[in-house]
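For reference, the structure discussed in these notes is given below.
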Amino acid sequence: MKRIAALLLAVVMVLSCAPLGMAYTAEAFKAATHLNQLGMFAGSGSLPDGSPNYKLDDKPKRTEAIVMLLALLGERDKADGSHTSPFTDVPTWAKKYVNYAYRQKYTSGISSTKFGSNKEVSSNEYLTFVLTAMGYSSKTDFNWKDPYTLADSLGITHGEYYLRLQVHPGRYVHYV
């Protein structure tokens, strides 16, 4: 499970941190294919030859990240449409997943009524989803702007994403 989690994290983080227009790597395609075979990553529709269209050049949105998180946790089928949330910006196809994730306290959205559905998910946001699903709190155990320290200490990541921080002493931390 830890290896699959790391693989899924790697794909999402690489895609969320890649500059626009950057072509995906063979490694990302191989990881996406492996995750697809495990039933954890469907992509968006099919290519003309019938193979999955992973859209690896697109940055993942928060809704897509929630679906991937639920697949990682083996909980996608539990999102049966019986849950609700206060979010008004969730597309119909994603409502059952976002509502379930909200009820499980995996996410609290970007405001009291907005999930941020069309917002690109950042690596720290996705890692926050993962850590929250593991039972950690972004209020007491880590800061959602820096989930990397906790993830590194747990062995989920190994410094490869934390290095994307650019620290300006006494002023701010900037994610690059």
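The values are calculated or read from the model by the stated rules, or taken from the named source; none is laboratory data. Computed from a predicted structure; not experimentally measured. As a convention, Cβ positions derive from the backbone with ideal geometry for all residues, glycine included, and neighbour counts pool all protein chains shown. The area values use the complete protein model at the heavy-atom level, side chains included, leaving out ligands, DNA and RNA. Shrake-Rupley method; radii C 1.70, N 1.55, O 1.52, S 1.80 Å.
Is it the case that the range 63-71 has a residue that's without any contact (Cβ under 8 Å) to a residue 60 or more places away in the chain and either over 18 Å from A42 (Cα atoms) or assigned to a loop (DSSP other than H, G, I, E, B) (or both)? No, there is no match, as no residue in the range 63-71 is without any contact (Cβ under 8 Å) to a residue 60 or more places away in the chain and either over 18 Å from A42 (Cα atoms) or assigned to a loop (DSSP other than H, G, I, E, B) (or both).
Within the range 9-30, which residues are open to solvent by less than 80 Å² (accessible area, probe 1.4 Å), at pLDDT 75 or above and within 21 Å of A71 (Cα to Cα)? Answer for the range 9-30, where residues must be open to solvent by less than 80 Å² (accessible area, probe 1.4 Å), at pLDDT 75 or above and within 21 Å of A71 (Cα to Cα): just A28. If you go through the range 31-40 and pick out every residue that is open to solvent by 30 Å² or more (accessible area, probe 1.4 Å) and either of a type in the set (S, T, N, Q) or part of a loop (DSSP other than H, G, I, E, B) (or both), you end up with 5. For the range 90-103, filtering for residues that are crowded, with 17+ Cβ neighbours inside 10 Å and part of a loop (DSSP other than H, G, I, E, B) leaves 1. Taking the listed residues K55, K78, K59, the one that is under 27 Å from T157 (Cα atoms), open to solvent by 80 Å² or more (accessible area, probe 1.4 Å) and touching a residue at least 12 places away in the same chain (Cβ under 8 Å) is K55, with no other qualifying.
Under the condition of being within 20 Å of D58 (Cα to Cα) and open to solvent by 10 Å² or more (accessible area, probe 1.4 Å), the residues counted in the range 104-122 number 4. Checked against the criterion of being touching a Ser or Thr at 6+ places or on another chain (Cβ under 8 Å) and at pLDDT below 95, the candidates V67, V130, V98, V121 yield just one match: V121.
Contact annotation: residue pairs with Cβ atoms under 8 Å, 6 or more positions apart or on different chains, pairing a residue in the range 89-110 that is on the phi > 0 side of the Ramachandran plot with a partner that is open to solvent by 40 Å² or more (accessible area, probe 1.4 Å) and among the aromatic types (F, W, Y), are G109/Y102. Is one or more of the residues making up the range 136-143 among the hydrophobic types (A, V, I, L, M, F, W, C) and under 13 Å from A65 (Cα atoms)? Checking the range 136-143: not a single residue is among the hydrophobic types (A, V, I, L, M, F, W, C) and under 13 Å from A65 (Cα atoms).
Starting from residues that are part of a loop (DSSP other than H, G, I, E, B), of a type in the set (A, V, I, L, M, F, W, C) and at pLDDT 90 or above, keep the ones in the range 133-148 and report whichever is least open to solvent (accessible area, probe 1.4 Å). Looking at the filtered set, the residue picked out is F142.
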